[in-house]
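Taking it in order: structure first as structure tokens, then the write-up.
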Amino acid sequence: MRKIYGSVSEALDGLLVDGMTIAAGGFGLCGIPELLIDALVASGVKDLTI
């Protein structure tokens with residue numbers, strides 16, 4: 001598995017499915033995974049548990 005990707009979309013390619021659970025760190029508005037959230041919304045994946 002590669003650890004460095006050119007974009008969030010590239011890193012998530014083929015990994016997202018409806019109903020999946022995702023563990024993501026963050027605290028309030030400081031340190032939230034902004035790009036991950038944007039990529040999840042753009043992907044159209046549904047029924048996530050985060």
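Taken over the stretch 32-50, the residue count meeting the criterion of being in a loop (DSSP other than H, G, I, E, B) and in contact with a Ser or Thr (Cβ under 9 Å, 6 or more places away or on another chain) is 2. Taking the stretch 31-41 as the range and being within 10 Å of the chain's Cα centre (by Cα) and over 11 Å from D18 (Cα atoms) as the test, the residues that pass are P33, E34, L35, L36, I37, D38, A39, V41. Among the residues of the stretch 3-31, the ones that are out of contact with any strand residue (DSSP E or B) (no Cβ under 9 Å at 6 or more places or on another chain), open to solvent by less than 60 Å² (accessible area, probe 1.4 Å) and either in a strand (DSSP E or B) or of a type outside the set (G, A, S) (or both) come to 3 in all.
Listed here are the residues, each with its yes/no results for (1) touching a Phe, Trp or Tyr at 6+ places or on another chain (Cβ under 6 Å); (2) without any contact (Cβ under 8 Å) to a residue 60 or more places away in the chain; (3) of a type in the set (G, A, S).
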residue	(1), (2), (3)
G6	no, yes, yes
A11	yes, yes, yes
G19	no, yes, yes
I37	no, yes, no
V41	no, yes, no
V45	no, yes, no
T49	no, yes, no
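Across the stretch 13-25, the number of residues qualifying as of a type outside the set (V, I, T) and out of contact with any Leu (no Cβ under 9 Å at 6 or more places or on another chain) comes to 5.
The values are calculated or read from the model by the stated rules, or taken from the named source; none is laboratory data. Note that this is a predicted model, so its numbers are computed, not measured. Please note: Cβ atoms are built from the backbone with ideal geometry, for glycine as well, and neighbour counts cover all protein chains shown. Heads up: the accessible areas ignore ligands, DNA and RNA and are worked out on the full protein's heavy atoms, side chains in. Shrake-Rupley method; radii C 1.70, N 1.55, O 1.52, S 1.80 Å.
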